[in-house]
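Here is the structure we will look at, set down as structure tokens.
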Amino acid sequence: MSDGAPDFSFSGLKTSVSLYVKRRGPLGRAEIADVAASFQAVVVKMLVRKTVKAALHHGVKRLVLTGGVAANGHLRQALEAAALEHGLRLHIPPRALCTDNAAMITAAGTARLAAGARAPLTLNAIPDLALAG
């Protein structure tokens, strides 16, 4: 995450947390809360840092935070503060509209299943597959 590239993965962080929990054995409520809060703090910091850096690099003046992650209060506050600091306009929908795409995929899949649509086990990912039909 420190190589300066705009893309990143949290796999190393997740592995580190997993190993920490395994080494420590069963965690108490306070330890669980501490690990979760620490994980969230690092993720929010990296998301905000990478987003602002990319916006400034590409001359973007407006940001939109959407999806299920946009419901996270810490992320909303941190990105709002960073946007204000760097003169960026930030648009965030109300929390009720910040839903996970999984709900939309489930709804689409349920409708297709109810209509009798089936796919063979050999089906591969098709990024532009129509949701209706």
Completion exercise
Calc'd 3J(HN,Hα), the stretch 109-120, phi into Karplus 6.51 cos²θ - 1.76 cosθ + 1.60 (θ = phi - 60°), Hz, glycine/Pro = x, comes to x, 5, 5, 5, 5, 4, 7, x, 5, 9, 10, x
Problem - Extension gain from Thr15 to Ala115, taking 0.36 nm per residue of separation minus the Cα-Cα distance - result: 31.9 nm
Fill in the blank from the handout: Restricting to aspartates and glutamates and to Cα separations under 15 Å from Lys22, and discarding same-chain partners fewer than 8 apart, the set is Glu31
Practice task
Could you list Asp128, Asp34 in order of exposure, starting from the residue whose Cβ has the fewest other Cβ atoms within 10 Å?
Solution key: Asp128, Asp34
Exercise for the section: For Leu90, list long-range residues whose amide hydrogen, built 1.01 Å from N in the peptide plane, is under 5 Å from its own amide hydrogen. Expected result: Leu63
Fill in the blank from the handout: Between Ala5 and Asn101, the two model label points (7 Å from Cα along the beta-carbon direction) sit apart by a distance in nm of 2.0 nm
Practice task
Distance from a point 7 Å along Cα→Cβ of Glu80 to each backbone N in the stretch 86-109: keep the residues under 16 Å and list them by number.
Solution key: 86-98
Problem - Cα convex hull volume per residue for the stretch 77-133 (Å³) - result: 146 Å³
Handout entry: Quotient of Cα Rg and 2.2 N^0.38 Å for the chain, N being how many residues it contains
Key = 1.37
Practice task
Output the peptides 101-114, 58-71 sorted from most to least packed, where packing is the average of other Cβ atoms within 10 Å over each peptide's residues.
Solution key: 58-71, 101-114
Fill in the blank from the handout: Comparing Pro26, Pro94, Pro120 in a Gaussian network model of the chain (Cα, 10 Å), the one with the largest mean-square fluctuation is Pro120
Fill in the blank from the handout: If every Lys and Arg gets +1 and every Asp and Glu gets -1 at its Cβ, then about the Cα centre the chain yields a dipole, in debye to the nearest 20, of 140 debye
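Read-outs throughout are calculated quantities, based only on the coordinates presented, and are distinct from any laboratory measurement. Keep in mind that this is a model prediction, so the values were computed, not measured. Reconstructed Cβ throughout: ideal geometry from the backbone, glycine too, with neighbour counts over all protein chains shown.
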